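Some notes on the structure that comes next.
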Amino acid sequence: MARPNRPRGAYLAYTVQALILLAAASSVLAGEYFLGFAAGVAFLLTTTPALMARNLHLYLPWEINLLIAVSFYLHVMGHVGGYYVTLAPCYDKLAHLIASATVGLVALFIALFAEHRGDIRLTGGAIIVFILTATLAAGVIWEIYEFTVDQVFGTNLQFGNTDTMSDLIADLVGGTIAAAFAAIVLARGGGDRFIRPFIEPPHDPRSTEIMDEPIDPAHNR
């Protein structure tokens, strides 16, 4: 399967990934090794779309790749740049909103991909429920992570029950946005036509011509 041409917008995601690496390096140089480690892990997670393309032949739109990178960048800078404190609570809620919407869109593509392969059959309502469930589950896991880090390392990632619940509400709003987008896609012609360009990228016409060109035995002598 030929790899689709890389769109120009993909370089925006690469730029954000480079900024995450820069934040990781600056944290290590400043002696903030835990923040540097966390930023490094965030960078590795932004490479997930590339692994999906290589192993599953599922090419996410560059907009989704960009949202994934931006979601992790907002989290990294929230700690490295101190924006979770200086811009509280708006920055935190914005980060949760964007991240949960991104999770919802990724869940949509996973559901459509599985259905396209014939692994499962999902109704539109089931896909929407899956998106909302995925976003809320991701939000809960994130809050558990913050609680665990606070207990183990004595940090202050959570500012109380109100902060935790408002984070989960922001996650629900982001998931609702993704679910509304999914409902529009499914209502306008089905998810199969929507996802096919990203799992069956167009072949390079030049490679097709080369493969179809007959071999001249005399030329190889």
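Some observations on this one:
- In segment 81-105, the qualifying residues are those that are among the β-branched types (Val, Ile, Thr) and surrounded by fewer than 22 Cβ atoms within 10 Å (Cβ to Cβ), and the one that is modelled with the lowest pLDDT is Val85.
- Of residues in segment 140-192 being of a type outside the set (Gly, Ala, Ser) and not in a helix (DSSP H, G or I), the one surrounded by the most Cβ atoms within 10 Å (Cβ to Cβ): Leu157
- Scanning segment 107-139 for residues that are assigned to a loop (DSSP other than H, G, I, E, B) and closer than 16 Å to Ala187 by Cα turns up Leu122, Thr123.
- In the condition set (1) assigned by TED's automatic domain parsing to the domain that holds Thr164; (2) under 16 Å from the mean Cα position of the chain (by Cα), Pro61 is compliant with all but (1).
The values are calculated or read from the model by the stated rules, or taken from the named source; none is laboratory data. It should be emphasised that the depicted structure is a prediction, and the values quoted were computed from it without experimental measurement. Please note: Cβ atoms are built from the backbone with ideal geometry, for glycine as well, and neighbour counts cover all protein chains shown.
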